[in-house]
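Read-outs: derived from the displayed coordinates by stated rules, not from any lab. Since the structure is predicted, the reported quantities are computational estimates derived from the model, not experimental observations. FYI the Cβ positions are ideal-geometry reconstructions off the backbone, even for glycines, and counts take in every protein chain you see.
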Amino acid sequence: MSSNPNILLIYTGGTIGMIKNFETGALVAFDFDQLLLKIPELKLLDCTISTVSFDEPIDSSDMNVERWKELGDIINENYNIYDGFVVLHGSDTMSYTASAISFMFENLSKPIIFTGSQLPIGDLRTDAKENLITAVQIAALQKKGKPEITEVGLYFEYKLLRANRTTKINAEHFEAFQSLNYPPLVESGVHLKINTAFLRKVNRRKKMVYHTHFDNNIVVVKMFPGINESILKGIFSMEQVKGVILETYGAGNTTTKKWFVDMLSGVIKKGIPIVNVTQCSGGSVEMGKYDTSVALKKIGVISGKDITTEAAVAKLMYLLGENLPLKVLKTIYETSLRGEMLEN
């Protein structure tokens, strides 16, 4: 093998890997073995690129737990062979998948960089080329022969963000993602500006641990004025429900109606965790800050702090898959595991 970093490019599906069929006008996935022909600029990078694709590339709207495992397995099986990984993924659910992958790989010591595009790779005005070339360049960054980025990142429109801090905020603009509670890890301009202070530190003495048990028997409930008691009762009484993400107002507030608090208390008494996350794109849950969240804290609702809904979903599935007692799960959930929330 060459002394240049070896990067594995993994195509799961999505707009970035599409080209237009000039006969029909429809978008079709192109053969990723032809990637270097489509983007000859990749040959100019100081790294060796290999490609692999899902057997059946999918629209990211069809992403699920099984596909997360399929992607995780590809990375895990090639973990010791490559210095970094770039995952091409549809933008709609990229933040969910990238968050899940961050929990699957404990003690990560290599970069896993997600990217995609708003326009297909064959489009004249595409953002795909810049996103892909820079994502590969970032994945290949090394310091003293070791990868400089040692976490799961999401690169889009000149910024590398911590993946489990991201949310897709725009379906139209090239700047599709934001990380409102955490600064960019790398900014791309004339030079790549690495914000070293914000990178996750790696303990290279610790072995990477690969986790695959996700329990997706969860429900996300978004608070809104006039939320219906009987509908909620129906949802919470379903036997399959093992965990609840509650999207609350502002700093973690909900209605103070007795029936609502009693219902949540009953769910928690059954050993089912309820996680409080804010509906706001930025900011944090602070239970007890206002009267409207004092009761939630008292009954044992888990504080999601400043976690995104996407990361909250992945984290809850991950921890439920570990079969932990509720008290232990609560303590671990309120702890930052992969930099997905405030440390304290």
Share of pairwise Cα separations in region 6-210, more than 32 Å, in percent: 9
Extension gain from Val328 to Ile231, taking 0.36 nm per residue of separation minus the Cα-Cα distance: 31.9 nm
Scaled radius of gyration (Cα, divided by 2.2 N^0.38 Å) that region 218-333 gives: 0.96
Part-to-part distance (alpha-carbon centres) for region 228-273 and region 45-94, which is given in Å: 36
Theoretical FRET efficiency, 1/(1+(r/R0)^6), r = Cβ-Cβ of Asn217 and Thr255, R0 22 Å, to 0.05: 0.30
Dipole axis of region 6-210 (+1 Lys, Arg; -1 Asp, Glu on Cβ), positive-most option in Ile74, Pro111, Leu9: Pro111
Bridge type composition, region 91-161 - antiparallel percent by DSSP, nearest 5: 60
³J(HN,Hα) computed for each position of region 322-339 - Karplus, 6.51 cos²θ - 1.76 cosθ + 1.60, integer Hz, glycine/proline x: 8, 6, 9, x, 3, 4, 5, 4, 4, 4, 5, 4, 7, 9, 6, 9, 10, x
Paramagnetic reach from Asp62 (point 7 Å along Cα→Cβ, amide N under 11 Å) across region 8-28: 13-14
Asn80-Lys270 pseudo-label distance in nm [points 7 Å out on the Cα-to-Cβ vector]: 4.5
12 Å reach of a label modelled at Asn4, 7 Å along Cα-to-Cβ, counting backbone N of region 53-90: none
Region 147-216: translational diffusion in µm²/s, Stokes-Einstein, Kirkwood Rh over Cα pairs, 37 °C, 0.692 mPa s: 236
Cα coordinate range in the chain, projected on the principal axes (Å, largest first): 64, 53, 35
Normalised contact order of region 44-168, rounded percent, pairs of Cα under 8 Å and 6 or more residues apart: 26
Peptides ranked, highest mean first, by Cβ atoms within 10 Å: ranges 67-75, 163-171: 163-171, 67-75
Region 78-127 - Debye-derived log10 I(q)/I(0), Cα point model, q = 0.19, 0.26, 0.29, 0.32 Å⁻¹: -0.72, -1.01, -1.13, -1.24
Dipole in debye (nearest 20) - region 6-210, about Cα centre, beta carbon charges: Lys, Arg +1; Asp, Glu -1: 1280
Among Ile227, Val285, His191 - extreme Cα towards positive end, dipole of the chain, charges at beta-carbon: Val285
Over region 63-174, equivalent-ellipsoid semi-axes from the Cα gyration tensor in Å: 22, 17, 12
Residue exposure sequence - Val301, Val267, Val221 - by fewest surrounding Cβ within 10 Å: Val221, Val267, Val301
Gained length - Ser336 relative to Lys129, 0.36 nm times residue gap less alpha-carbon distance: 71.1 nm
Euclidean distance of C-alpha centroids, region 103-158 and region 275-344, integer Å: 28
